[in-house]
Amino acid sequence: MIIVPQPKKLNLKKGNFKLKSNEYIYVSTRNLFVSVEKVKKLLKKHGIEMFISYYKGDKTSIIAEVNRSKVKEKSGYKLNVSSDKIQIYGNNNQGLHYGIMTLIQLIKNYGIELPSLEIHDWPDVENRGLLLDISRDKVPKLETLFKIVDMLSELKYNQLQLYTEHTFAYSNHEKVWKDYSPLTSEDIIRLDKYCRERFIELIPNQASFGHMEKWLIHEEYSYMAETFEFDTPWGEHFDKPFTLSPAVKESIGFLDSLYQELLPNFRSKFFNVNCDETFDLCLGKSKKLCEQYGKGKVYLDFVLKIYKLVKKYGKRMMMWGDIIKNYPELVSELPQDIVLLIWGYEKDHPFEKECALFKDFDFYVCPGTSSWNSIVGRVENAILNIQNAVKNGLKFKTKGVLLTDWGDNGHWQHLPISFIGYIYGAALSWGYEKNKELDVEKALDVLVFEEKSLGKILYEMGNAYKEVGIEFPNSTFFVLPLLYPEKINSSNQIINLLKLENLIKTKSLLEKNINSLSELETLEFNKLEKEEIKNSIELALFVTDLMISVLKTKSKTLSELPNVVKQEYKYRFEKIIDDYKHIWLIRNRVGGLNESIKKLKKILNYFD
């Protein structure tokens, strides 16, 4: 039996219960109709027709009701399967929903004949959310977001954020979003309702300090930019504006106008204003302020102005802690009701140290899926990163876990590459001790794909990066030649560190999994997921083969490969891109696709 999250208390008994048609599902509150309807739809797939009722009669075989005398833990539930009925009790509506989701998972495990058992379960962490990046080129269609919400709901997440820089259709700012197929106010209203019916809080999110380049590149907004070119901490040169300048008095009025339009579409009490990665602060218009007051103080003062705006709209402010943590002497000057978000995406990120710094505030730990900048994932890193975050979050009494799924550099990873992170993040944030050894392969097969082997393929290809013998922070070997083809040369560390035997082992692992994928029977239910996984492996294989050719021919650059070899790679890559485009447009809006492809196709310049 595989249940995610694995319950804290599960007692299997003798006997079983067989679900039958023409019987009733009783639910004590109308707020749970959507939850029990999901049970009804799943049973219909098994040929069982049941009816939902607010009346408990003789033919009622599933009983779902709130009963605080039976379940004391907040948002907890009890689920009992006996020889003649199924009883689900919740401490509140949310707890009852979680019990119903567990029943759905039991049916996915056993079909219509369930073992007799008792389950008693409740969450370790109050808030368990996912942040999905919709600003790095890829904006999902509304139906895709609905499917993600359904998955999150079954996994017992209760919060969702859509990371937004420029992809909300502000009525007076069409120039910024017109080519990106943004979410409209109506989309948000529909999604907010859909989430609420599934006990997920949709939290508004808007970049408000750093990461404002999509706005500031336009003449109408450029006067608010801190500067127009700078070097990042990792040595990359930016030749575009990035950060909203606190030295420009109109900056706060501008944010006020955005919040005024955005926030009424959400029922959540929270609002994430981000305020992270203000790399160029003090390098331009605010330089004199920084010389006078110090960089940390200038940052804090602008954050406090944003805080007043958020309070004005009746929301509770969330913000990333990556900048203010550099000024520990200023942390106590933050208002106590700000929720600080502690992010870090490597397996050894110092979560313990950072949780200790923010322990007097409500804070969330924010690990990642490790899917971005990876093509096929970084599974081991994702698992260890999530473990590290949740373990230390619990130690310092975190208020939440926010799993992040970013789309840096074109959002090249297809959605299933993030599924292992979704599963494992859900499991650990609900119950760390019971779930840290979770069999994620089996969980994927039973609960997500509902067929064997896809979970194993995702897991193995997600660890292919380890076969290369070199690990790169926040990325994998499969991405670097695509992102930085100009750096593939004999003087660069990448080529010098690569070993042919490791690349051949990597190639063998990827080929094994693409062959396993082709041998599976294609169920219509998972047809798209298989296309996405196949395209991901093909892209990783392309990069692996390319670098094998570079090493074998002892080429000093990609351009020095033999012409016939370059032409073969060109044709092969163009076919991968065609498939990539086709897959993109099934789940996602067209806006942003050209930008993503433009980044992906940089390498073709070296094959001419």
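Numerical summary
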read-out: Helices (runs of 4 or more DSSP H) within segment 429-514 that include 1 or more residues over 21 Å from the mean Cα position of the chain (by Cα) and either surrounded by fewer than 16 Cβ atoms within 10 Å (Cβ to Cβ) or modelled with pLDDT of 95 or more (or both); value: 432-435, 480-483, 493-497
read-out: Neighbours by Cβ (under 8 Å, 6+ apart or cross-chain): first from segment 45-61, outside any loop (DSSP other than H, G, I, E, B); second at pLDDT below 95 and not polar (S, T, N, Q); value: Ser61/Asp84
read-out: Scope segment 352-386; condition surrounded by 18 or more Cβ atoms within 10 Å (Cβ to Cβ), touching a Leu at 6+ places or on another chain (Cβ under 7 Å) and not in a strand (DSSP E or B); matching residues; value: Phe358, Pro367, Thr369, Ile375, Ile386
read-out: Residue in segment 313-324 that is among the small types (Gly, Ala, Ser) and either farther than 30 Å from Ser536 by Cα or assigned to a loop (DSSP other than H, G, I, E, B) (or both) present; value: yes
read-out: Complete set of residues in segment 195-214 that are without any contact (Cβ under 8 Å) to a residue 60 or more places away in the chain and in contact with a Leu (Cβ under 8 Å, 6 or more places away or on another chain); value: Cys195, Ile200, Met212
read-out: Residue check, Val298 under 23 Å from Tyr223 (Cα atoms) and either assigned to a loop (DSSP other than H, G, I, E, B) or in contact with a helix residue (DSSP H, G or I) (Cβ under 9 Å, 6 or more places away or on another chain) (or both); value: yes
read-out: Qualifying residue in segment 597-604 (condition: under 16 Å from Val139 (Cα atoms) and either touching a residue at least 24 places away in the same chain (Cβ under 8 Å) or surrounded by fewer than 20 Cβ atoms within 10 Å (Cβ to Cβ) (or both)); value: yes
read-out: Odd one out for Asp124 among (1) crowded, with 20+ Cβ neighbours inside 10 Å; (2) within 25 Å of Phe146 (Cβ to Cβ); (3) charged (D, E, K, R); value: (2)
read-out: Pick from segment 517-569, criterion of a type in the set (Ser, Thr, Tyr) and part of a helix (DSSP H, G or I), ranking: farthest from Tyr606 (Cα to Cα); value: Ser518
read-out: Pairs where the first residue, in segment 91-111, is at pLDDT 95 or above and the second is in a helix (DSSP H, G or I) and of a type in the set (Ser, Thr, Tyr), C-beta under 6 Å, 6+ apart; value: His97/Ser35; Ile100/Ser35
read-out: Boolean, Val27 is closer than 27 Å to Glu450 by Cβ and either β-branched (Val, Ile, Thr) or at pLDDT below 95 (or both); value: yes
read-out: Residue that is surrounded by the fewest Cβ atoms within 10 Å (Cβ to Cβ), among those in segment 215-237 that are free of Cβ contacts under 8 Å to residues at least 40 places away in the same chain and touching an Asp or Glu at 6+ places or on another chain (Cβ under 8 Å); value: His237
read-out: Some residue of segment 152-172 being surrounded by fewer than 22 Cβ atoms within 10 Å (Cβ to Cβ), free of Cβ contacts under 8 Å to residues at least 12 places away in the same chain and within 26 Å of His411 (Cα to Cα); value: no
read-out: Among (1) within 20 Å of the chain's Cα centre (by Cα); (2) not assigned by TED's automatic domain parsing to the domain that holds Leu263 - the single one Ile112 does not satisfy; value: (1)
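Conditions tested, residue by residue: (1) modelled with pLDDT of 95 or more; (2) polar (S, T, N, Q); (3) in a loop (DSSP other than H, G, I, E, B); (4) on the phi < 0 side of the Ramachandran plot.
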{"site": "Phe199", "(1), (2), (3), (4)": "yes, no, yes, no"}
{"site": "Ser208", "(1), (2), (3), (4)": "yes, yes, yes, yes"}
{"site": "Trp215", "(1), (2), (3), (4)": "yes, no, no, yes"}
{"site": "Pro233", "(1), (2), (3), (4)": "no, no, yes, yes"}
{"site": "Lys240", "(1), (2), (3), (4)": "no, no, yes, yes"}
{"site": "Phe254", "(1), (2), (3), (4)": "yes, no, no, yes"}
{"site": "Leu263", "(1), (2), (3), (4)": "yes, no, no, yes"}
{"site": "Ser268", "(1), (2), (3), (4)": "yes, yes, yes, yes"}
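Quick grid of which residues meet (1) more than 24 Å from Glu450 (Cα to Cα); (2) touching a Phe, Trp or Tyr at 6+ places or on another chain (Cβ under 9 Å); (3) at pLDDT 95 or above:
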residue: Lys56; (1), (2), (3): yes, yes, no
residue: Asn67; (1), (2), (3): yes, yes, yes
residue: Leu79; (1), (2), (3): no, yes, yes
residue: Asp84; (1), (2), (3): yes, yes, no
residue: Gln87; (1), (2), (3): yes, no, yes
residue: Pro115; (1), (2), (3): no, yes, yes
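Table: residues versus (1) closer than 23 Å to Ile386 by Cα; (2) surrounded by 18 or more Cβ atoms within 10 Å (Cβ to Cβ); (3) in contact (Cβ under 8 Å) with a residue 12 or more places away in the chain.
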| position | (1), (2), (3) |
| --- | --- |
| Lys295 | no, yes, yes |
| Lys308 | no, no, no |
| Met319 | yes, yes, yes |
| Pro350 | yes, no, no |
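The values are calculated or read from the model by the stated rules, or taken from the named source; none is laboratory data. Just so we're clear, the structure is a prediction, and the values are computed from it rather than from any experiment. All Cβ positions, even for glycine, are placed from backbone atoms using ideal geometry, and neighbour counts span all protein chains on display.
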